[in-house]
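Chemist: Dropping a structure here in structure tokens format, bear with me for questions.
The values are calculated or read from the model by the stated rules, or taken from the named source; none is laboratory data. Since we're looking at a predicted model, the values are computed, not measured. Neighbour counts are summed over all protein chains in view; Cβ atoms, including those assigned to glycine, are modelled from backbone coordinates with ideal geometry. Keep in mind that these areas ignore ligands, DNA and RNA; they rest on the heavy atoms of the full protein, side chains included. Shrake-Rupley method; radii C 1.70, N 1.55, O 1.52, S 1.80 Å.
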Amino acid sequence: MGLFRSLLLFGSENPWLNQKVPKLGFVKKAARRFIPGENLSDAIQAAKNFRNYGIFTSITHLGENILNLEEAKKVTDHYVEALNQIELEGLNVEISLKLTQLGLNLSVEQAQNNFKTIAQKAAHIPTFVWIDIEGNEFADRTIEFYKQQRKDFSNIGICLQSYLYRTKDDFSDLLFIPTAIRLVKGAYKEPEQIAYKSKKNVDQNYLFLAIRLLKEIEQKNIRAAFATHDPDLIKQIQNEAKKLKISRDKLEFQMLYGIKTEDQYRLANEGYKMLILISYGKAWYSWYMRRLAERPANIWFVLKNLF
Ligand code: FDA
């Protein structure tokens with residue numbers, strides 16, 4: 001991992017910077033490239049715009065590691081309000097959330113109650129809820145949580161990271177049950193004892209896991225989503241899918257709002273299922289720092305806004 005990337009990931013976890021940086025107007029302006037706005041209405045409007053192009057969307061209210069359970073309740077209420085809005089407007093929009101937003105870092109039981117409230121409302125619409133995967137300290141708890149909840153809700157899925165050595169075993173575990181997996185490379189700062197450090201190894205493992213998922217798509221009742229902006233990996237996944245005779249509409253790619261936008265429209269045009277994850281909210285600092293770390297060249301964009 002490059003020094004710059006390490007510094008940005010270190011900064012993403014620093015409470016002092018989290019307090020100060022979001023107040024800087026030029027950083028806020030630069031962050032707008034990846035976020036349509038801070039309000040639910042901004043995310044819903046962006047989702048409507050994508051719908052006109054046959055692009056699916058999922059929305060996520062930014063925030064993680066909340067400090068008390070009242071905050072977790074507020075987040076839950078917010079997601080229920082978002083789902084009400086989605087239902088009212090007849091939209092086909094999914095939800096993505098982090099379990100530490102619902103209190104997993106404070107009380108598993110409360111997080112379960114909060115999650116059930118959201119998943120039940122989503123099932124009623126019906127729409128889908130994706131559980132993000134956070135730093136490794138939460139991996140066991142998140143996967144166990146998902147396995148338990150999946151017994152009650154078929155409209156939920158989990159994200160897994162190809163940079164972790166453990167993910168191949170998590171796959172073996174999760175592919176036994178009807179499941180939904182969103183495969184990503186991984187965005188946190190993890191030590192080499194548990195995670196691949198070089199892009200080459202992370203990419204190789206991504207392809208290995210992606211092929212495993214592709215082989216399951218036709219045989220089992222699973223939803224597989226390949227969440228990456230990496231054009232080489234996308235090409236290789238498309239080729240493997242072709243060999244396995246998986247039709248384009250069954251091949252799902254997911255990307256983040258504001259990244260590789262042309263590719264998003266192109267893939268949707270070519271007949272692939274394309275879903276954009278739209279983030280919104282005031283707590284964008286840590287999330288934005290991880291986006292900068294993925295591509296340190298993005299820093300130039302921040303500096304451009306300064307001048
Ligand atoms: P890679 O980083 O190799 O980038 C490939 C190319 O994409 C780059 O060369 C560049 O052109 C472009 N690109 C990538 N990131 C960019 C950026 N920030 N700015 C500009 N260009 C960029 N992670 C996690 O740990 N837990 C999670 O729950 C999720 N959830 C999630 C959902 C969805 C829908 C997506 C798309 C991603 C996530 N992630 C995530 C983030 C993921 O782990 C990863 O950090 C990013 O997707 C970047 O990795 P790529 O696969 O795009 O490859």
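Chemist: Under the condition of being within 14 Å of the ligand (Cβ to nearest atom) and in contact with a strand residue (DSSP E or B) (Cβ under 9 Å, 6 or more places away or on another chain), which residue from region 273-287 is farthest from Leu91 (Cα to Cα)?
Modeler: The qualifying residue farthest from Leu91 (Cα to Cα) is Trp287.
Chemist: Take region 44-62 and flag every residue that is closer than 20 Å to Met289 by Cα and open to solvent by less than 20 Å² (accessible area, probe 1.4 Å).
Modeler: Ile59, Thr60, Leu62, listed by residue number.
Chemist: Could I ask something else about it? Among the residues of region 175-187 satisfying the criterion of being away from the ligand (no atom under 11 Å from the Cβ) and surrounded by fewer than 21 Cβ atoms within 10 Å (Cβ to Cβ), which is modelled with the highest pLDDT?
Modeler: If we take residues in region 175-187 being away from the ligand (no atom under 11 Å from the Cβ) and surrounded by fewer than 21 Cβ atoms within 10 Å (Cβ to Cβ), then Leu175 is modelled with the highest pLDDT.
Chemist: Report every pair of residues separated by at least 6 positions or lying on different chains whose Cβ atoms are under 7 Å apart, first residue within region 242-265 and under 20 Å from Cys159 (Cβ atoms), second among the aliphatic types (A, V, I, L, M) and in a helix (DSSP H, G or I).
Modeler: So the pair list comes out as Lys250/Ile217; Leu251/Ala241; Phe253/Ile234; Phe253/Leu267; Tyr257/Ala46.
Chemist: Mind checking which residues of region 156-170 are away from the ligand (no atom under 13 Å from the Cβ) and crowded, with 19+ Cβ neighbours inside 10 Å?
Modeler: Across region 156-170, the qualifying residues are Ile156, Asp170.
Chemist: Still on this structure: It is to be established whether one or more residues within region 285-305 are buried (at least 17 other Cβ atoms within 10 Å of the Cβ) and over 29 Å from Leu40 (Cβ atoms).
Modeler: No, every residue in region 285-305 fails to be buried (at least 17 other Cβ atoms within 10 Å of the Cβ) and over 29 Å from Leu40 (Cβ atoms).
Chemist: Being open to solvent by 50 Å² or more (accessible area, probe 1.4 Å), in contact with a Gly (Cβ under 6 Å, 6 or more places away or on another chain) and in a helix (DSSP H, G or I) is true for just one of Gln120, Gln110. Which residue is that?
Modeler: Exactly one of Gln120, Gln110 is open to solvent by 50 Å² or more (accessible area, probe 1.4 Å), in contact with a Gly (Cβ under 6 Å, 6 or more places away or on another chain) and in a helix (DSSP H, G or I), namely Gln110.
Chemist: Moving on. Between a residue in region 13-30 that is part of a helix (DSSP H, G or I) and any residue that is modelled with pLDDT of 80 or more and among the small types (Gly, Ala, Ser), which pairs come within a Cβ distance under 6 Å, given they are 6 or more apart or on different chains?
Modeler: Leu17/Gly11
Chemist: How many of the residues making up region 224-259 are within 16 Å of the ligand (Cβ to nearest atom) and part of a helix (DSSP H, G or I)?
Modeler: Number of matching residues: 8.
Chemist: Scan Phe176, Phe153 and give me the residue that is of a type in the set (Phe, Trp, Tyr) and touching a helix residue (DSSP H, G or I) at 6+ places or on another chain (Cβ under 9 Å).
Modeler: When all the criteria are applied, what remains is Phe153.
Residue-wise test of (1) in contact with a Leu (Cβ under 7 Å, 6 or more places away or on another chain); (2) open to solvent by 20 Å² or more (accessible area, probe 1.4 Å); (3) assigned to a loop (DSSP other than H, G, I, E, B); (4) over 14 Å from Tyr163 (Cα atoms).
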{"site": "Lys189", "(1), (2), (3), (4)": "yes, yes, yes, no"}
{"site": "Val202", "(1), (2), (3), (4)": "no, no, no, no"}
{"site": "Phe208", "(1), (2), (3), (4)": "no, yes, no, no"}
{"site": "Glu216", "(1), (2), (3), (4)": "yes, yes, no, yes"}
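Chemist: May I ask you to list pairs of residues, at least six apart or on different chains, whose Cβ atoms are under 8 Å apart, with the first in region 1-12 being over 19 Å from Asp203 (Cα atoms) and the second being surrounded by 13 or more Cβ atoms within 10 Å (Cβ to Cβ) and hydroxyl-bearing (Ser, Thr, Tyr)?
Modeler: Cβ pairs passing all conditions: Leu9/Tyr188; Ser12/Tyr285; Ser12/Ser286.
Chemist: Further question: Of (1) touching a Leu at 6+ places or on another chain (Cβ under 6 Å); (2) open to solvent by 60 Å² or more (accessible area, probe 1.4 Å); (3) not aromatic (Phe, Trp, Tyr), Gly103 satisfies all except one. Which?
Modeler: Just one mismatch for Gly103, condition (2).
Chemist: Being away from the ligand (no atom under 13 Å from the Cβ), open to solvent by 30 Å² or more (accessible area, probe 1.4 Å) and more than 17 Å from Asp232 (Cβ to Cβ) is the filter here; which residues of region 260-269 pass it?
Modeler: Those that are away from the ligand (no atom under 13 Å from the Cβ), open to solvent by 30 Å² or more (accessible area, probe 1.4 Å) and more than 17 Å from Asp232 (Cβ to Cβ): Tyr265, Asn269.
Yes/no per residue for (1) of a type in the set (Lys, Arg); (2) surrounded by fewer than 16 Cβ atoms within 10 Å (Cβ to Cβ):
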position: Ala72; (1), (2): no, no
position: Leu83; (1), (2): no, no
position: Glu94; (1), (2): no, no
position: Lys98; (1), (2): yes, no
position: Asn114; (1), (2): no, no
position: Glu137; (1), (2): no, yes
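Chemist: With the structure loaded, tell me whether Asn221 is in contact with a Pro (Cβ under 6 Å, 6 or more places away or on another chain) and either within 8 Å of the ligand (Cβ to nearest atom) or open to solvent by 40 Å² or more (accessible area, probe 1.4 Å) (or both) or whether it fails that test.
Modeler: yes
Chemist: Hey, can you tell me all the residues within region 236-255 that are open to solvent by 30 Å² or more (accessible area, probe 1.4 Å) and either under 29 Å from Arg150 (Cα atoms) or within 21 Å of the chain's Cα centre (by Cα) (or both)?
Modeler: Glu240, Leu244, Lys245, Ser247, Arg248, Asp249, Lys250
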